[in-house]
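Below is one structure, written out as structure tokens; the observations come after it.
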Ligand SMILES: O=C1CCCN[C@@H]1CCCn1cnc2cc(F)c(Cl)cc2c1=O
Ligand SMILES: [Mg+2]
């Protein structure tokens, strides 16, 4: 079991693959784009589920489960919804030995499966708001090159689908969910995100508007969509006839009430988040797991035990280590001891570093004599000591410090690579310097496409990551936090456009 042989600033995909394999996070299968989620990554998914379930339960969202298969008729219910996605749908055409009369789609997302049910389930305003969520897997037969966790043919997510009486109520929930998504990334995964709205060009066609959180991968200087929360408007309600009688209408005796369409939202968060966390925090020794999502937060390793150490000295040391473990467990720290015989401390250090355990405690005869444990943080070089009587208090504090420092380091890195660009001549050079850009933009779709085309090339002499040149910059979001007011008469960044700029828009190469 050797360490990571490819440096992070070398071939990133090779580094990434080694880190997730040697960290026992994921395993490949004989089907491209289909991966095994090993316990180390699935545990992180469970931390995310527990966190998010607690928050949506407080919002009155109920978890449920809909079938994996969707009939073609049902999938076709919303024409333009699937038009652009047809190439991604996986179909089942045989059952056992017989061909199916009608092929079945494997769900790529569950709008069409759920909304035929919503049409029956929602009869009156008293049925509103309806808030249901599924934790499940979906399949999208992506043709683009698969990347573990980030882009796979099958992935795990939650998909929330809600129905409301008014646009205002729907809009409030869209933002509430977006805040919970940002909190999963920032407070659990120590990953900073930018909140914003997708431009018309980049949003999902079935949506009225799409809120998004956008991450940034410093290693390649690319943006990455981290999660989305859509207001679907009344579009799907019209396609699926999800209506109620207007409760506000004052009707005379026997007069029919008007029917009004409900306002819907749908929001999703996927296992891509695990890949983002690895890419941002991982280093040349392997995974670095933020303490709040670390199955093992602390590992205690005996040191200084040699052939010369007497049996009773070893016995004493091991008992003290057992005592440390109990004290930490009682302080609700998730702790392991590595008492394996025949493995050197160095071997053990390497092993737990590959797994990304945030804090290692080394304990040997000298530490025992001095009444301390020696600490070694996974996110920072160097060692320190904690007096044994203070362990129950200081170790949890140190874990919180590690969590905060990991977030702040990533947030500083993102901020340092999110650059305001005011003129086109700076666009590509700044982009090629592994940055995402904030530019004044007209919000026009064709203009965005032009910017994507015109930002593919490299500027002569600019050292650019070998994989980036083919990719142009696309709009990532209209950040909620606009850097400054757009001065009167400011033109769109695209010199070929000529329109006035409406908003600051974040552009970048992306996954
Ligand atoms: O992004 C989310 C959050 C969770 C619930 N769904 C929405 C919209 C999903 C868009 N989308 C995304 N991908 C799709 C792929 C497909 F093959 C088909 Cl048929 C449809 C879609 C599709 O509608
Ligand atoms: Mg897609």
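How do the strands (runs of 3 or more DSSP E) wholly within the range 244-307 filter down when requiring 1 or more residues that are within 30 Å of residue 369 (Cβ to Cβ): which remain?
Those strands (runs of 3 or more DSSP E) span 298-302.
Residues that are farther than 22 Å from residue 275 by Cβ and surrounded by 18 or more Cβ atoms within 10 Å (Cβ to Cβ): does the range 83-100 have at least one?
The answer is yes, given that some residue of the range 83-100 is farther than 22 Å from residue 275 by Cβ and surrounded by 18 or more Cβ atoms within 10 Å (Cβ to Cβ).
What's the total number of residues in the range 79-104 that are in contact (Cβ under 8 Å) with a residue 12 or more places away in the chain and either closer than 23 Å to residue 173 by Cα or more than 16 Å from ligand 2 (Cβ to nearest atom) (or both)?
The qualifying residues number 6.
Restricting to the range 134-173, count the residues that are under 19 Å from residue 49 (Cβ atoms) and either in a strand (DSSP E or B) or within 12 Å of ligand 2 (Cβ to nearest atom) (or both).
Within the range 134-173, residues that are under 19 Å from residue 49 (Cβ atoms) and either in a strand (DSSP E or B) or within 12 Å of ligand 2 (Cβ to nearest atom) (or both) number 15.
Out of 102, 195, 211, which single residue is closer than 29 Å to residue 482 by Cα, in a strand (DSSP E or B), in contact with a helix residue (DSSP H, G or I) (Cβ under 9 Å, 6 or more places away or on another chain) and away from ligand 1 (no atom under 15 Å from the Cβ)?
195
Yes or no: residue 182 closer than 27 Å to residue 436 by Cα, in contact with a helix residue (DSSP H, G or I) (Cβ under 9 Å, 6 or more places away or on another chain) and more than 16 Å from ligand 2 (Cβ to nearest atom)?
For residue 182, the condition - closer than 27 Å to residue 436 by Cα, in contact with a helix residue (DSSP H, G or I) (Cβ under 9 Å, 6 or more places away or on another chain) and more than 16 Å from ligand 2 (Cβ to nearest atom) - is not met.
Bear in mind that the values in this text are calculations on the coordinates, not laboratory data. These numbers come from a predicted model, not from an experiment. Here Cβ is always computed from backbone atoms with ideal geometry, including for glycine, and neighbour counts include all displayed protein chains.
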